[in-house]
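Take a look at the structure set out below.
Here, each number is a calculation from the coordinates, and none is a lab measurement. Please read all numbers here as calculations on a predicted model, not as lab measurements. Note: ideal-geometry Cβ built from the backbone for every residue, glycine included; neighbour counts use all protein chains shown.
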């Protein structure tokens, strides 16, 4: 399965837009690394462009927000009332819970999965859990801490404070 | 280790956690009220933020539209320009790009002569 974002200007907020220089394709079984300076639009691309597309698809979707404290409380509450109830105390436990939940559902009913991770300190562990068990997964990772091995780079380059260009640099 | 440090020092330190950088969810003015900045410090805050991010803020700016890294920078500037004598920064470098990590380190170094600043990871 491939998620395609066509070339064009995307108005993300009233005062911020992203210019998609060439068609972007995100394929299951591959990893993509969103790289760019603070404020270049990586998080907005995840939440305002990719997420709406994926919420309307039949694929599994796991999205870890940046500064995920609100999400954290929601998952802790969810885990506490499910059977068997689990008490999740730390962010790492929440991330592992979500990863294991995806693996469990994938194994019951395999279908493509998209995992969007925005600046999580536990990205490597999560990718490890899921990639071992869910081969039809596309990882899209925003991070300032080095490119994951084998990942395709997606660059966010500010043109002005209100506009960034999004592109996949050529390998050379 | 960090949890113990916080338990022992809650009353002494202004604790700034990058996992939840902003307390309010509206205008910059609301967030400013929490930090007790002087009028001069408020002016310096806007200038420093513009220097670091090339983004113009006013006191009525909606701070929820800032990026994650920009929220962390704003939190750090608010703390450094506040009257707090002891500041604990938690996980502040993680969501910053390399240029902003270096800029924040320089800012912290500059303010360290005036106060006690501790950086920790959770």
With each run of n ≥ 4 DSSP H residues scored as -39500 (n - 2.57), what mean residue ellipticity at 222 nm is computed for chain B after dividing by its residue count and rounding to the nearest 500 deg cm²/dmol? -15000 deg cm²/dmol
Between residue A:82 and residue A:159, how high is the FRET efficiency from 1/(1 + (r/R0)^6) when r is the Cβ-Cβ distance and R₀ = 35 Å? Nearest 0.05. 0.15
R0 = 35 Å: FRET efficiency of residue A:56 with residue A:145, Cβ-based, nearest 0.05? 0.65
At residue A:100 and residue B:120, where each label point lies 7 Å from the Cα along Cα→Cβ, what is the point-to-point distance in nanometres? 2.8
Centre separation in Å (Cα based) which lies between segment A:18-92 and segment B:14-54: 27
On C-alpha positions alone, give me the angle between the axis of helix A:123-133 and the longest principal axis of chain A, in degrees, nearest 10. 70
Treat each spin label as a single point 7 Å out from the Cα along the C-beta direction, and report the residue A:47 to residue B:106 distance in nm. 2.9
Most mobile of A:152, A:28, A:70 in a GNM of chain A (Cα contacts under 10 Å): A:70
Which semi-axes, in whole Å and largest first, does the equivalent ellipsoid of segment A:46-89 have when worked out from the alpha carbon gyration tensor as the square roots of 5 times its eigenvalues? 24, 14, 6
Compute the orientation-averaged projected area for segment B:1-94 from the convex hull of its Cα atoms and round it to one decimal in nm². 6.0
For a bin width of 10 Å, list the pair-distance distribution of the protein assembly as shown built from all Cα-Cα distances, rounded to whole %. 6, 26, 32, 24, 11, 2, 0
For chain A, just the Cα atoms, rotate onto the principal axes and tell me the three extents in Å, largest first. 50, 30, 29
Compute a Gaussian network model of chain B, connecting alpha carbons closer than 10 Å, and tell me which residue from B:109, B:17, B:91 fluctuates the most. B:109
For residue B:34 and residue A:13, what does the FRET efficiency come to when R0 = 25 Å and r is the distance between their Cβ atoms, rounded to the nearest 0.05? 0.50
Determine the distance separating the Cα centre of segment A:113-162 from the Cα centre of segment B:89-122; give it in Å without decimals. 25
